[in-house]
C-alpha cells in the first residue's frame, strides 16, 4: 500500500517529536560502566546499576517492548547492570522490589508505578539514599523526581474519543455507549478518561454506564461488559475501552452475547491482537505510542543521572523536567503507514494465515 501524504505527515510529526525529545537530554562527559549486565537485583558492586521497575505484564508492551528497548540502549551506552523487576500489578510487591534494588546498590531508579500514590514512599526511600528517580510512563504523585517521560496522555483520550464518536455516529446504530476506563490506581488512566470525556460529553452520545477496571484486567472488563449487555442489550452502540487489553475483554463479551450490530470498540497500545481485531472489524481503532524513543530516552537519562550529570527537558510538570511524546491514532486505513512503517510490527506479524483474507481485503499486504 502506498503511503498517503497525510499518513506520512502524521508519522513524520510523531517520530520527529520523539527524536526531538531524545535530543533534549543534555549530558556532559562520557558514560563509563563498572560491571557486566545482570537481569536480577543481586550484584556484588551496584555502583553502575540502574533499576528498571515496571508495573505489570497483562499489558503486552512492557515485556515485549519497554524492557528490551531500555536494556538494549543501556548496553549501548556502557557496561551497566540493569536490575529489572515486574510488580505484577502489586504495589506492595513493587515496594519490596525497589527496596531490594536500593539494597543492591542501584544508583538510579526508573520507576513505572503500580499505584501513583503508594509509589511516593519508594521515591522518598530513594531520595534518602541520594538515588534519583525517573518517573516512567506514569507520573508518581509526589516526591523529589529527577525526570518524567511519558506520552501526552490526555491527548490519548481525545484521540480515542474523537475516532470513537465519529465511528458511532457514522454507523447510525444508536447513541448508547459503555465506557471501560483504566485502573483507578494508574495516574494515566485518569488522564485518558478526562481526555475522552472532553469529547464524548460534547457529542450526542449517551453514556449508559462507566467502569474503572481494577488492575487493567481484561477478564474484569469482560465480566463487567457482559453484565451491561444483559442490562442494555442492543442499546449499546459502542464501547470506549481505554486500552487494548480491556478492549479484548469487551470484544469477547460482545461476541459471546452475539451482539448485532457489533458495537464500535476503541483501544490503546497497538498490541498485535488489537491490530488483528482492527483488520477483522472487531475493534475500530487503537493508539500507537512510539515506545522505543520513550524507553531509549529513559535509558539515556538514567545513565546521565548515574554519573551525576545534568539533564534537561522541553517542559516541566509539577516542577519535574518532563518529556511528553506524541500518540497517533491507528485504524485499518493507516496500519501500514504507522506501526508497520515504524517497524513496530511487520505485515507478517499481523497477517498470519488466520488473518490473511482480512488483510488482503484491507489492502495490507
Which of 364, 236, 350 comes first, and how do the rest follow, when ranked by fewest Cβ neighbours within 10 Å?
364, 350, 236
Report, to the nearest 10°, how far helix 291-306 tilts away from the longest principal axis of the Cα atoms in the chain, using its own Cα long axis and a range of 0 to 90°.
20
Run the numbers on the chain and let me know its relative contact order in percent, using alpha-carbon pairs under 8 Å that are six or more apart.
20
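Among rounded, prolate and oblate, which fits the stretch 215-365 when a ≥ b ≥ c are the square roots of the eigenvalues of its C-alpha gyration tensor, a/c under 1.5 means rounded, and a/b larger than b/c means prolate?
Details: a/c = 2.93, a/b = 1.63, b/c = 1.80.
Since a/c reaches 1.5 but b/c is at least a/b, the shape of the stretch 215-365 is classed as oblate.
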Most exposed first by the Cβ proxy, i.e. fewest other Cβ within 10 Å, how do 187, 125 rank?
125, 187
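If the chain were replaced by its equivalent ellipsoid, with semi-axes equal to the square roots of 5 times the Cα gyration tensor eigenvalues, what would those be, largest first, whole Å? Don't skip to the answer; put the middle values down first.
Values: eigenvalues 274, 99, 64 Å².
Ellipsoid semi-axes (Å, largest first): 37, 22, 18.
Sort the following peptides by mean Cβ neighbour count (other Cβ atoms within 10 Å, averaged over residues), highest first: 107-119, 130-142, 164-176.
Numbers: 107-119: 24.8, 130-142: 22.2, 164-176: 17.4.
Order by mean packing, descending: 107-119, 130-142, 164-176.
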Rounded tilt (10° steps) of 218-232 against the dominant C-alpha axis of the chain:
30
Give me the Debye-computed log₁₀ of I(q)/I(0) at q = 0.15 Å⁻¹ for the stretch 143-226, equal point scatterers on Cα only, no solvent, two decimals.
-0.61
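Which of the peptides 224-231, 298-305 is most tightly packed, and how do the rest follow, judged by the mean count of other Cβ atoms within 10 Å per residue? Write down the numbers at each step before the final one.
On the way: 224-231: 18.1, 298-305: 25.8.
Top of the packing list down: 298-305, 224-231.
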Using only the alpha-carbon atoms of the stretch 153-288 as identical scatterers, what base-10 log of I(q)/I(0) does the Debye formula give at q = 0.13, 0.15 Å⁻¹?
-0.43, -0.59
Under the rule a/c < 1.5 gives rounded, and otherwise a/b versus b/c splits prolate from oblate, where does the stretch 299-344 land using the Cα gyration tensor?
oblate
For the chain, find the longest principal axis of its Cα atoms and tell me its angle to the long axis of helix 153-171, 0 to 90°, nearest 10.
10
Highest-first arrangement of 321-327, 342-348, 259-265, 50-56, where packing means the average Cβ count within 10 Å:
50-56, 321-327, 259-265, 342-348
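For the chain, what does the helix formula give at 222 nm: sum of -39500 (n - 2.57) over DSSP H segments with n ≥ 4, over the residue count, nearest 500 deg cm²/dmol? If you can, show how the numbers build up before the last one.
On the way: 12 runs with 148 residues, N = 365.
Roughly -12500 deg cm²/dmol at 222 nm, from the helical runs in the chain.
Most exposed first by the Cβ proxy, i.e. fewest other Cβ within 10 Å, how do 179, 315, 285 rank?
Ascending Cβ contact count within 10 Å gives the list 315, 179, 285.
No lab work stands behind these numbers, since they all come straight from the coordinates. Computed from a prediction, not measured in an experiment: that's the story for all the values here. Glycine also receives a Cβ, built like all others from the backbone with ideal geometry; neighbour counts cover every protein chain displayed.
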